[in-house]
Amino acid sequence: MKIEFTTKRVKLARVAIALVAISLAGYVAYAASTLSINNTGSVVNVGTNLFASLQGATNPVTCTAATTPAYADAGLTQTWSVPVATSTTSPGTQTQYACIENTGNSAHVITITETGTLPTQVTFTSTGSGSSIPSNGFQLVSFTLTDSSTTNAGTPLTFTITIG
């Protein structure tokens, strides 16, 4: 048996390949848009003489005066992309980090709180709350969002982290 590739068959093969490629691209776009919870959360420093340098998902290990980006006390936002839980025993989680600077003349015990509307079964935790930062000192803190629901894909995050 001899297989002949006529112009018509070549065109049909190209169309079939293009349809498969388009379908795969659509599937990847759909998966990327539904498998995480995305948005930005604002960070507010209400404590006198406190400034923050947001580090994102990269843990800087230590914080110093040379930490970048520059320390600031206004206009701070962090972008979150929390993976959704794959099962009730496999939650999705994302941790973000910040360096806190105390420019005051005395030590300051920081408090970290979250306010806002998080989706059902999404929890906020942090490290560093209760820590005493010495005068002109620095403290590394972390903020973690954990999703324990498999149904939160695409749900918006609206919340504020207050450091006082």
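Comparing Cα centroids, the stretch 48-88 and the stretch 94-141 end up 10 angstrom apart.
For the pair Thr117 and Thr151, label points projected 7 Å from Cα toward Cβ lie 1.8 nm apart. For the stretch 46-78, the residues whose amide N sits under 19 Å from a probe point set 7 Å from the Cα of Thr160 along the beta carbon direction are 46-54, 72-78. Report note on the peptides 48-57, 85-94: ranked by the mean count of other C-beta atoms within 10 Å, highest first, their order is 48-57, 85-94.
A simple spin-label model places pseudo-atoms 7 Å from Cα toward Cβ; at Asn136 and Thr64 they are separated by 1.6 nm.
We did not get these values from a lab; they are worked out from the coordinates using the rules stated. Model, not experiment: these values are computed from the prediction. All Cβ positions, even for glycine, are placed from backbone atoms using ideal geometry, and neighbour counts span all protein chains on display.
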